[in-house]
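> Dropping a structure here in structure tokens format, bear with me for questions.
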Amino acid sequence: MKIDNYEQAVELMAKMEQCLPIPVTAGKPLLQTMRDRGNVTKAKQELLIDSMFYGGDEGGIICSLNSSEDDKENYVVSLTHLHIDPQHPLAEEIIAYQALRIKRLKAQNQVGFKSLLAEARTKPRAKKKGFGN
């Protein structure tokens, strides 16, 4: 199952590169990673996307972040783990990309779970005794 439409992702990246740096805030998974690494971060702390590349269906649009000039750590994270300001000129397109990607990732995971259930149910059935056998 394809997660991203490659042409649309590249087109969105080209538009985003024209607007760099893009201010964003971290989603919950990124906040947890930052805190685990000892970087005390507020939930609404502004981060800046300073570069990006396409990571294929596995990662989607990957963004390099910098939280401030004196911060020594840069983070590289999928765009789906970031929140963009709704007032940003590309917010609508970015949010639509994120929503579609998350929806397809969930669908892919559900299909995977269903196939695991199907594999678990493939035990040979005992022959029934009774009428018709």
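Just so it is clear, none of the values below were taken in a lab; they were calculated from the coordinates. Small disclaimer: the values here were computed from a predicted structure and weren't measured. Heads up, the Cβs are rebuilt from the backbone with ideal geometry, glycines too, and the neighbour counts pull from every protein chain shown.
> In nm, to one decimal, how far is the modelled label at Lys44 from the one at Gln8, with both set 7 Å along Cα→Cβ?
Between Lys44 and Gln8, the simple spin-label model gives 3.2 nm.
> Say each of Cys19 and Gln108 gets a label point 7 Å from the Cα, pointing the same way as Cα to Cβ; how far apart are those two points in nm?
Placing both labels 7 Å along Cα→Cβ, they lie 2.4 nm apart.
> Still on this structure: How much length, in nm to one decimal, is gained on full extension between Asn74 and Ala99, taken as 0.36 nm per residue of separation minus their Cα-Cα distance? Please report the intermediate quantities before stating the final value.
Values: separation 25, 0.36 × 25 = 9.00 nm, distance 2.52 nm.
Value of the extension gain: 6.5 nm.
> In terms of modelled amide H atoms, which long-range or inter-chain residues lie less than 5 Å from the amide H of Gly60?
Gly55
> Under the definition of Cα pairs under 8 Å and six or more residues apart, what whole-number percent is the relative contact order of region 17-57?
So the answer I get is 54 percent.
> Per-residue HN-Hα couplings for region 11-23, Karplus 6.51 cos²θ - 1.76 cosθ + 1.60 at θ = phi - 60°, whole Hz, x for Gly and Pro?
5, 5, 4, 4, 5, 5, 4, 6, 9, 5, x, 9, x
> I've got another one for you. Label-point separation (nm) for Gln87 and Phe53, each offset 7 Å from Cα along Cα-to-Cβ?
For the pair Gln87/Phe53, the computed spacing is 3.4 nm.
> Net charge near Glu58, counting Lys/Arg +1 and Asp/Glu -1 over other residues with Cβ under 12 Å of its Cβ?
0
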